[in-house]
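In what follows, a single structure is set out as structure tokens and then discussed.
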Amino acid sequence: MRNTWAITKKELKVYFSTPTAYVVISLFLLITGFMFYVMVSNYSILSLRSGGNPYFSMKLNLNQYIYSPFFANAAIILLLLLPILTMRLFAEERRQNTDELLFTLPTTNTQIILGKYISSVLILTLMIVATAPFVFYPFFLTKPEIVPVLTGYLGLFLLGIAFLSFGIFSSSLTENQIVAAVFSFGILLLLWLIYWLTYVTSFLKGFLKYISFFNHFDNLSKGLLDTSDIVFYLSFAFVGLFLTYAVLEVRRWWR
Amino acid sequence: MIKTENLTKFYGNIRAVYRLNMEVPEGDILGFLGPNGAGKTTTMRMVTGYTTPSFGKTEIAGINVQKEPLKAKKLVGYLPEIPPLYPELKVSSYLEFVAEVKGIKGKERKKKVEEAISSTGLEKVAGRLIRNISKGYRQRVGIAQAIIGDPKVLILDEPTIGLDPKEIVEIRQLIKSLAGKRTVILSTHILQEVTSICGSIAIINEGSLIEFGEIREIEKKYGSASLEEIYISAISKEVKNEEHMGNN
């Protein structure tokens, strides 16, 4: 445990002594803040216009018009940015030959992987929590439902840890950071969209829907808390870390 | 203290190290010689547990490195050929990190880091980012990292490569001062270094051990030739090709 924490601390130091963490966090806030602003403004224009139409104004709903699409869009931004966060975790160790230190120190591969993973999860948490000031701002003005907002946040977090775990796996495969980032971005995007196949074929329909990131996130962003979605993300994260472990174990024979 | 038994490493069909048997007694400094590509680095990587041998084993103080890596790694300080440094970290926080993973706690850690800094002469650069210090200093940070926590065994892969003459002398003196309690394997191409520091030598070529023993005895065997002459004649010997690997 102490070793894991030592590695986490080291990774955080490296994250914040290079521009990586700052750029990723601030871009995330900039883009999500921008989206939120546009959505809220659009919503207020809509509600102004619908003032004369009681039927339409009854249908207007803050959660449905702002929060649900906001979380869905924020998820896409995570998909774009998180591979940048994980790309150096193992690739850079190999390129700089520091893996020779890491793997000869008295620590286990599990501790190394967890240490690195936790550091990226902490940054993800920081990114998500930092959106709270503007996301909760409408609560001072009106009364949206809070549950969908909370499940939306939970969804972002779970989705994020799944992305990060795959990103680490991708980083363990290569010593080229760009390759690691592009590979994890590409595969995650594919998994996000894989449910499209169900439009054209019924073959493996249930399975395709199950492995698609989008379907699981859709529920959470709408306020539906289903254990199967949570289990999906957690098991995806576990598989990513396990594959990383397998890569490190095999590599010991080949270097 | 350090023992290898039939240590062998294949990369596909390439034989990097073949049936290496060595035993380095406690307190000895072993000069590890051989041409580039002879298998020195691979051997050291197997001794430190970075690489797993194809077969054979390595032992440190009686602990099998492949079977109980954690226990064995605690006893070893390792300086790879390319010093493993994080350019984004400060010298002191880098050493702090290494000390923490080596299991040195609390106040003791700070003390050990300071000790390592002062014995490698890093006081001037301790607060600077590793990316901003000179090659000589980086090499020293690499050594400081290896000696933190007073490991019983030091494995140093070409510690003086690429340094200027003054730095070479300083590092050599440092290694000499570290000797005594510690068992050291030192790989190098500089033969004076070996004669001035080491008690025994191992010469390897094409993955096989050619000469191994105390320097004096090997010199006797070669009729009091200089180390240079011994080295040249040792590596120009035909490497015996024993192709009955299954007999082991």
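Odds and ends about this structure:
- Yes/no for A:F217 being farther than 16 Å from A:M87 by Cα and either buried (at least 17 other Cβ atoms within 10 Å of the Cβ) or within 14 Å of chain B (Cβ to nearest Cβ) (or both): yes
- B:L20 vs. criteria over 17 Å from A:R255 (Cα atoms) and more than 9 Å from chain A (Cβ to nearest Cβ): yes
- Taking segment B:100-131 as the range and being of a type in the set (A, V, I, L, M), in contact (Cβ under 8 Å) with a residue 12 or more places away in the chain and at the interface with another protein chain (Cβ under 9 Å from one of its Cβ atoms) as the test, only B:L129 passes.
- Among the residues of segment A:74-101, those identified as among the acidic types (D, E) and within 25 Å of the chain's Cα centre (by Cα) are A:E92, A:E93.
- Members of segment B:77-97 that are under 21 Å from the mean Cα position of the chain (by Cα) and either within 7 Å of chain A (Cβ to nearest Cβ) or in a loop (DSSP other than H, G, I, E, B) (or both): B:Y78, B:P80, B:E81, B:I82, B:P83, B:P84, B:L85, B:Y86
- 2 or more residues under 16 Å from the mean Cα position of the chain (by Cα): qualifying helices (runs of 4 or more DSSP H) within segment A:166-255: A:177-193, A:213-221, A:227-254
- The single condition among (1) assigned to a helix (DSSP H, G or I); (2) crowded, with 17+ Cβ neighbours inside 10 Å that B:K220 does not satisfy is (2).
- Among the residues of segment A:124-165, those that are part of a helix (DSSP H, G or I), farther than 18 Å from A:S68 by Cα and not polar (S, T, N, Q) comprise A:L124, A:L126, A:M127, A:F140, A:L141, A:I161, A:A162, A:F163, A:L164.
- Unique residue being surrounded by 24 or more Cβ atoms within 10 Å (Cβ to Cβ) and either more than 9 Å from every other protein chain (Cβ to nearest Cβ) or modelled with pLDDT under 95 (or both) when the list is B:T43, B:T52: B:T43
- Subset of segment A:232-255 (residues that are within 12 Å of A:S172 (Cα to Cα) and away from every other protein chain (no Cβ under 14 Å)): A:G240, A:L241, A:F242, A:L243, A:T244, A:Y245, A:A246, A:V247
- The set of residues in segment B:45-76 that are closer than 28 Å to B:R140 by Cβ, in contact with an Asp or Glu (Cβ under 7 Å, 6 or more places away or on another chain) and not in a loop (DSSP other than H, G, I, E, B) is empty.
Yes/no matrix, rows are residues, columns are (1) of a type outside the set (S, T, N, Q); (2) at pLDDT 85 or above:
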residue: B:S177; (1), (2): no, no
residue: B:K181; (1), (2): yes, no
residue: B:L186; (1), (2): yes, yes
residue: B:S200; (1), (2): no, yes
residue: B:A225; (1), (2): yes, no
residue: B:E242; (1), (2): yes, no
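- Any chance B:T42 is touching a residue at least 12 places away in the same chain (Cβ under 8 Å) and part of a helix (DSSP H, G or I): yes
- Enumeration of residues in segment B:182-226 that are in contact (Cβ under 8 Å) with a residue 40 or more places away in the chain and among the basic types (K, R): B:R182
- Conditions (1) farther than 25 Å from A:V247 by Cβ; (2) buried (at least 17 other Cβ atoms within 10 Å of the Cβ); (3) more than 14 Å from chain B (Cβ to nearest Cβ): number failed by A:M58: (2)
- Being part of a helix (DSSP H, G or I), crowded, with 19+ Cβ neighbours inside 10 Å and within 14 Å of chain B (Cβ to nearest Cβ) holds for only one residue in A:L89, A:L105, A:L82, and it is A:L89.
- Odd one out for B:L33, checked against (1) touching a Pro at 6+ places or on another chain (Cβ under 9 Å); (2) crowded, with 23+ Cβ neighbours inside 10 Å: (1)
- Yes/no for A:Y22 being of a type in the set (F, W, Y) and either more than 30 Å from B:V98 (Cβ to Cβ) or surrounded by 17 or more Cβ atoms within 10 Å (Cβ to Cβ) (or both): no
The values are calculated or read from the model by the stated rules, or taken from the named source; none is laboratory data. Please read all numbers here as calculations on a predicted model, not as lab measurements. Backbone-built Cβ (ideal geometry, glycine too); neighbour counts: all protein chains shown.
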